[in-house]
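Nothing in this text is a laboratory measurement; each read-out follows from the coordinates by a stated rule. Predicted model only: the values in this text are computed from it and were never measured. Methodologically, a virtual Cβ is constructed for each residue, glycine included, from the backbone with ideal geometry; neighbour enumeration extends over all protein chains shown.
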Amino acid sequence: MIIDGKKIASDLLDEIAQEVKLLTAKGQRPPHLAIVLVGHDEASETYVANKVRACHNCGFDATVVRHEVDVTQDELLATIDSLNRDERIDGYIVQLPLPDHIDEQRIIEAIDYRKDVDGFHPINVGRLALGLPCYPTATPQGIATLLDRCHIATEGKHCVVLGNDNIVGRPTAELLMRKAFPGNCTVTVCNGDTGHVEDITRMADILIAAVGRPNFVKAHMVKEGAVVIDAGTTRLPSEDAPGHYRLYGDVDFDAVAPKCAAITPVPGGVGPMTVVSLMRNTLLAATQEL
Ligand code: GUN
C-alpha cells in the first residue's frame with residue numbers, strides 16, 4: 001500500500017472545518033493562529049503561505065506578524081510577549097530558522113506553552129514524554145495520525161527511528177513509546193554514529209526515516225513486509241525545472257516500496273500531514289485548556 005498522505009490530510013482538514021462550523025454556529029469565534037515570520041527566506045515564505053491557506057480552508061483566522069531580518073532579539077521578545085497576552089490569538093508559532101543573531105531557544109522558551117501549537121516549548125516536550133495532554137510537534141503527530149488512519153497496528157511492534165533530532169526523531173520515538181494507540185512500540189532510535197545501522201533497520205516492523213539524507217534507506221536495509229514512513233524533507237534545486245525546487249525523501253522509494261506492506265511517498269506522504277497537526281493543535285488551543 002502506498003499511503004496517500006495528501007488525501008488523508010485533505011479529509012482531516014475537512015473534518016476540522018466541520019468542527020469549526022459547529023463552533024461558530026454556537027456563537028464562538030473561529031480559532032485564530034498567528035505566525036511570526038522573520039525575514040524573507042524563500043522556503044519559510046512557502047511554508048507560511050501553506051499554513052495560512054490551511055487556516056482559511058479550515059475556517060480559522062490567520063495573522064502573519066512580519067519582522068525584517070535585522071530585528072533585534074528584544075523586539076522579537078516584545079512581539080512574543082504581546083502574542084502571549086493577546087486573548088484574540090489562540091495559538092501561534094515562530095517560523096524557524098531565525099537569523100543567527102537571535103537565540104532560537106530563548107525565543108521558544110518565551111512562548112506561553114499554552115499557545116505553543118508547534119509543541120517546541122520544553123513544557124510541551126516534557127508533557128509529551130510523560131504522556132500528559134500537550135501540543136505534540138507537527139511531524140510526529142502527523143506520522144502517528146497516518147498510522148492510525150491506515151489501521152497500522154503498533155502495539156508490540158519494533159519501531160526503528162532513524163534520526164534523533166528534537167523536532168522529528170526524538171518526539172516520534174516518544175509518541176510511539178506511549179501507552180496509547182498508536183503507541184506501545186518497542187522503539188530504537190539511531191543517529192549518525194550508529195554502527196551497522198542496516199542490522200538495526202532490518203529488524204524494524206515500522207521504520208521511520210528522519211535523517212535528511214536523500215535515498216539513505218536502501219532495499220537491503222528493510223525487512224520484507226515492513227511499514228516505512230519517510231519523514232525526509234531535503235529541498236534541492238530541481239534538475240527538470242530550473243529555478244524550482246524539489247523535495248527529496250530519505251528513502252530510495254522505487255527500490256524499497258516493493259518490499260513494504262505500506263510506505264509513504266515524498267512528496268505526498270508525511271509532508272501534508274504536518275499542517276494538519278498544526279491546525280489540530282490550534283483547534284485544541286481554541287477549545288480546551290491544556
Ligand atoms: N520550519 C520548518 N518547519 C517548521 C515548523 O514546523 N515550525 C516552525 N516554527 N518552523 C519550521
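The table for this structure:
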item: Qualifying residues in segment 226-275 (those that are without any contact (Cβ under 8 Å) to a residue 60 or more places away in the chain and acidic (D, E)) - the one surrounded by the fewest Cβ atoms within 10 Å (Cβ to Cβ); result: D240
item: Residue match in segment 13-35 (condition: within 16 Å of the ligand (Cβ to nearest atom), part of a helix (DSSP H, G or I) and in contact (Cβ under 8 Å) with a residue 60 or more places away in the chain); result: no
item: Residue in segment 101-109 that is crowded, with 16+ Cβ neighbours inside 10 Å, within 12 Å of the ligand (Cβ to nearest atom) and either of a type in the set (F, W, Y) or without any contact (Cβ under 8 Å) to a residue 40 or more places away in the chain (or both) present; result: yes
item: Residue ID - nearest to the ligand (Cβ to nearest atom), chosen from residues in segment 136-146 that are assigned to a helix (DSSP H, G or I) and farther than 23 Å from E198 by Cβ; result: A138
item: Unique match (being farther than 30 Å from G91 by Cβ and in a helix (DSSP H, G or I)) among A257, A241; result: A257
item: Test: residue in segment 74-84 that is touching a residue at least 24 places away in the same chain (Cβ under 8 Å), more than 15 Å from the ligand (Cβ to nearest atom) and touching a His at 6+ places or on another chain (Cβ under 8 Å); result: no
item: Single match in V168, V161 (criterion: within 16 Å of the ligand (Cβ to nearest atom), β-branched (V, I, T) and closer than 14 Å to I143 by Cα); result: V168
item: Residue tally, condition touching a helix residue (DSSP H, G or I) at 6+ places or on another chain (Cβ under 8 Å) and closer than 20 Å to V187 by Cα, over segment 212-247; result: 12
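Yes/no per residue for (1) within 26 Å of D11 (Cβ to Cβ); (2) away from the ligand (no atom under 16 Å from the Cβ); (3) touching a Cys at 6+ places or on another chain (Cβ under 8 Å); (4) assigned to a loop (DSSP other than H, G, I, E, B):
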| position | (1), (2), (3), (4) |
| --- | --- |
| T154 | yes, yes, yes, yes |
| T188 | no, yes, yes, no |
| G195 | no, yes, no, yes |
| E198 | no, yes, no, no |
| G212 | no, no, no, yes |
| K223 | no, yes, no, yes |
| G232 | yes, no, no, yes |
